[in-house]
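For reference, the structure discussed in these notes is given below.
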Amino acid sequence: MQKRLFLLLFLALYCSSVKSQGMWIPSLIEKQNEKDMKALGLKLKADDIYAPAHPSIKDAICQFDGGCTGEMISSEGLLLTNHHCGFDAIQQLSSLENNYIENGYWAKDRSTELPAEGVTAMFVTRIEDVTLVALQGVTDGMAERERQSQIDKNIAGLKSATKKEKWEDIEVRPFYNGNQYYLFVTQTFKDVRFVGAPPSSIGKFGADTDNWVWPRHTGDFSIFRIYADKDNHPAAYSKDNKPYRPGHFLPISLDGVEEGDFSMVYGFPGATNEYLTEAAIRQTGEVLDPARVAIRDRALKVMDGFMRKDPAVKISYVARYASIANAWKKWLGEMQGMKTYKAYDKKAAYEAEFTARIQQNPDWNVRYKNLLPRLRQLYKDIEPYALGRDYYLETMVRNNEIMGTVSSLSGWINSYDPKNEAVFSDKLSRIKNSMAGFYKDYHPQVDEAVLAAMMEMYGENARAEWGAADVKYMAKDAGGYTALAKNLMEQSVFAQRSKFMDLLETQKPAEIANTLKNDLAFKLWEKLQGFYTGQIQSKLQELQPQINLLQRQYMAAQMEVFKEKRFFPDANSTLRLTYGKIRGFSPKDAVQYEFQTDLDGVMEKYIPGDYEFDVPQKLINLWKAKDYGQYATTDGRLPVACIGTNHTTGGNSGSPALDAHGNLIGLNFDRVWEGTMSDLNYDPAICRNIMVDARYILFIVDKFGGAGYLLNEMKLVKGKKKRKK
């Protein structure tokens, strides 16, 4: 009886946390969330936030560059996002002579805004539930491949039948593990220009040491502008394009935030898996994450050594390093968080309650009693192959450039057919451009050292029969992993820009294909890829569909069995809204973090000359003079960042943090390290999102950057004013 009472108490607490949990579909908030949001302090109506027929906050939110979020902050297309979201574009526009990474940049006027080639901004026009049509003709007895084929056919018909403008696109995405489907009508702008960003000493202050950490003091923002054609529609870059006129742009609050204030984050969260079983998340936290962390730790240490010695290497590798380090540190926090905050025990208790409930219902018991046991067994079966996949991909594809490049070009190389050279030749121009961009930031000496470390990790830790024995033998024969990497780099044309580009420019397709197929790097990749495809991937392809089927059934079962619980769909890079409170937290005994940091904290961390904690002299001067202008608090401090209980993940980077009136109060850019487990197990007691305070953004633009003219096209509000439609 006591155990049963404990389970019911746990479930009640689990369900009550929903007010601070969830990534909700905007088109459904009137039905699902408006009442709760108003109870927490929201002053808007649901259709102020999302409306397909008239302007709403939705129209200010875009997916930036395919993986982040951005928002409109003026009627003239001014776009705000994170510094790290705009980093690739800033890096591509930088050089030793014009180092916008180190020095920052502010356009003096529209004519000096820099075209950010390849950067896009995608807006959602409307969202429709198309589940009935997408699943038409689908039956429970279908095999997974047959089921997906029917769904694909239905979706193709949907896309053809849906009315849209010629500049719009249609996307249909699965939700709740494929139990529901939603259609999104979108428009994507391709003329995006770089307006300004602070130097990395502000935009990336704290760098990797502070990444995923609170207290945080990072001015993580950058500004771009969207341009459109004369009719305000998406168009390719043209000097004749005009600044985009959005349906809505966000007023910016000068009031700031206080503990307990309502907040909401609107954006495009990437991926979560909140409804997995205990066996699934334990495999991630205790088997897969530790392996990935160990591999990336080796790669990062090698890269860091070169970056600290050579400024040119630092410029070239800073974005790559940050990308590798971001997941590395996140996985560390995920491992620790799930263990410390008893994620496995909570999942087990939830599953025990699920089992107890279905046993009391004869119909449920027949349909669902084998779900969890079968899932547990399948995760046990797939574990060695999932680990083998991560070892191969992390060492031989993701974390060293030469093997990653060979992998990306392998399809093109193997496409050569002497009877039909056109397929190969047609892609040659694109390959030339792609590789020219690759070599711009490539340093063979760095990659050689990383390759040696990665081959050692694979040779010494992966299963011998999956190619590790071959790598180990090759290293022994060469005189060690370092010597093996040196030999490979010296002999491979992929590692030598002049030879590779000359090959593409001067040789016929037959000679190009023959040379690349016989290249030492390609042969190594081909050997290991053969092991991976034949022994690892084949088993994954056998087992994963079985897991997917059962997970879809388990998801449907949870929603049926726990009717008192509202289930938000896992993130899948579609437009979502999350909401909560501005609130500090206590990560461990006797430690209590406040909800806000300020510029004094930046100066406490300041280390002259350090690449992570140095700051510009001008910022020091402004701090000493307390020259904060209208952006200071009533007690004379300059806020930098704040935290809240909004449920965010990757893809929410750059998302606006909004107050109860829909005014911009901050810019989401991170989560606390203790709560990085939130992708698998959100805990409102410990999970916090981190935001740059809007006042710090304005201060840096105005007082530090000298670009106050940009504020003239923004709408700054004070006194918790309601936004105007």
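Being buried (at least 16 other Cβ atoms within 10 Å of the Cβ), in contact with a strand residue (DSSP E or B) (Cβ under 7 Å, 6 or more places away or on another chain) and in contact (Cβ under 8 Å) with a residue 12 or more places away in the chain is a description that does not apply to Arg566.
Against the test of being modelled with pLDDT under 95 and under 20 Å from the mean Cα position of the chain (by Cα), the options Arg320, Arg308 yield a single qualifying residue, Arg320.
Checking Met435, Met474, Met455, Met489 one by one, the residue that is farther than 30 Å from Ala294 by Cβ and part of a helix (DSSP H, G or I) is Met435 and no other. Take the residues in segment 572-588 that are surrounded by fewer than 19 Cβ atoms within 10 Å (Cβ to Cβ) and modelled with pLDDT under 95, then tell me which one is nearest to Gly270 (Cα to Cα). Once the filter is applied, the top-ranked residue is Pro587. On inspection, Thr125 passes the criterion of being modelled with pLDDT of 95 or more, surrounded by 17 or more Cβ atoms within 10 Å (Cβ to Cβ) and closer than 24 Å to Phe64 by Cβ. For segment 602-648, the set of residues classified as under 24 Å from Gly584 (Cβ atoms), at pLDDT below 95 and either part of a helix (DSSP H, G or I) or charged (D, E, K, R) (or both) consists of Asp635 only. Among the residues of segment 73-84, those identified as crowded, with 24+ Cβ neighbours inside 10 Å and part of a loop (DSSP other than H, G, I, E, B) are Ile73, Gly77, Asn82, His83, His84.
This table checks each residue for (1) in contact with a His (Cβ under 7 Å, 6 or more places away or on another chain); (2) in the same structural domain as Tyr391 (by TED's automatic domain parsing).
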residue	(1), (2)
Pro509	no, yes
Asn514	no, yes
Lys517	no, yes
Phe531	no, yes
Arg552	no, yes
Phe567	no, no
Thr578	yes, no
Arg583	no, no
Ser586	no, no
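Of all residues in segment 560-571, one or more are hydrophobic (A, V, I, L, M, F, W, C) and in a helix (DSSP H, G or I). Whenever a residue of segment 119-145 is in contact (Cβ under 8 Å) with a residue 24 or more places away in the chain, its partners that are exposed (fewer than 14 other Cβ atoms within 10 Å of the Cβ), lying with C-beta atoms within less than 8 angstrom and at least six residues away or across chains, give the pairs Val133/Gly157.
Restricting to segment 409-432, count the residues that are assigned to a helix (DSSP H, G or I) and surrounded by 13 or more Cβ atoms within 10 Å (Cβ to Cβ). Residues meeting the conditions: 11. Residues Phe595, Phe562, Phe522, Phe568: which one is out of contact with any Pro (no Cβ under 8 Å at 6 or more places or on another chain) and within 30 Å of Glu421 (Cβ to Cβ)? Exactly one of Phe595, Phe562, Phe522, Phe568 is out of contact with any Pro (no Cβ under 8 Å at 6 or more places or on another chain) and within 30 Å of Glu421 (Cβ to Cβ), namely Phe522.
Residues in segment 209-238 that are outside any loop (DSSP other than H, G, I, E, B), under 20 Å from Gly104 (Cα atoms) and not aliphatic (A, V, I, L, M): Ser222, Phe224, Arg225. State all residues of segment 164-204 that are among the charged types (D, E, K, R) and within 21 Å of Pro26 (Cα to Cα); if no residue qualifies, say none. Answer for segment 164-204, where residues must be among the charged types (D, E, K, R) and within 21 Å of Pro26 (Cα to Cα): Lys164, Glu168, Asp169, Glu171, Arg173. Sub-6 Å Cβ pairs linking a first residue in segment 425-448 that is closer than 13 Å to Asn400 by Cα to a second residue that is charged (D, E, K, R), at least 6 apart or interchain, are Asp447/Glu401, ordered by first then second residue.
Restricting segment 91-122 to residues that are among the β-branched types (Val, Ile, Thr) and in contact with a strand residue (DSSP E or B) (Cβ under 6 Å, 6 or more places away or on another chain), which is farthest from Phe194 (Cα to Cα)? For segment 91-122, the residue satisfying everything is Thr120.
If you check Ile607 against the conditions, is it of a type in the set (Val, Ile, Thr), free of Cβ contacts under 8 Å to residues at least 60 places away in the same chain and closer than 24 Å to Leu711 by Cβ? Judged against the criteria, Ile607 is not a match. Against the test of being touching a residue at least 60 places away in the same chain (Cβ under 8 Å) and touching a Ser or Thr at 6+ places or on another chain (Cβ under 6 Å), the options Asn103, Asn99, Asn82 yield a single qualifying residue, Asn82. Determine which member of the set Gly662, Gly651 is at pLDDT 95 or above and out of contact with any helix residue (DSSP H, G or I) (no Cβ under 8 Å at 6 or more places or on another chain). The match here is Gly651.
Residues that are aliphatic (A, V, I, L, M) and either part of a strand (DSSP E or B) or under 26 Å from the mean Cα position of the chain (by Cα) (or both) within segment 103-117 comprise Leu114, Ala116, listed in sequence order. Taken together, the residues in segment 154-169 that are assigned to a helix (DSSP H, G or I) and either more than 30 Å from the chain's Cα centre (by Cα) or touching a residue at least 12 places away in the same chain (Cβ under 8 Å) (or both) amount to 7. Of the residues contained in segment 675-691, none is found to be over 30 Å from Met335 (Cα atoms) and more than 17 Å from the chain's Cα centre (by Cα). Number of residues in segment 513-558 that are more than 29 Å from Leu387 (Cβ to Cβ) and surrounded by fewer than 15 Cβ atoms within 10 Å (Cβ to Cβ): the value is 3. Looking at Leu622, Leu667, just one residue is crowded, with 24+ Cβ neighbours inside 10 Å and touching a residue at least 40 places away in the same chain (Cβ under 8 Å), and that residue is Leu667. Residue count for segment 627-663, restricted to those that are crowded, with 24+ Cβ neighbours inside 10 Å, under 19 Å from Val602 (Cβ atoms) and of a type in the set (Gly, Ala, Ser): 1.
So if I check each of Asn211, Asn177, which one is at positive phi, touching a Lys or Arg at 6+ places or on another chain (Cβ under 6 Å) and in contact (Cβ under 8 Å) with a residue 60 or more places away in the chain? On inspection, the qualifying residue turns out to be Asn177. Take segment 589-604 and flag every residue that is surrounded by fewer than 18 Cβ atoms within 10 Å (Cβ to Cβ), out of contact with any Gly (no Cβ under 8 Å at 6 or more places or on another chain) and in contact (Cβ under 8 Å) with a residue 40 or more places away in the chain. Selection gives Gly601 alone.
The values are calculated or read from the model by the stated rules, or taken from the named source; none is laboratory data. Since the model is a prediction, treat every value here as computed from it, not as a measurement. Ideal geometry is used to build each Cβ from the backbone, glycine not excepted, and the neighbour counts take in all protein chains shown.
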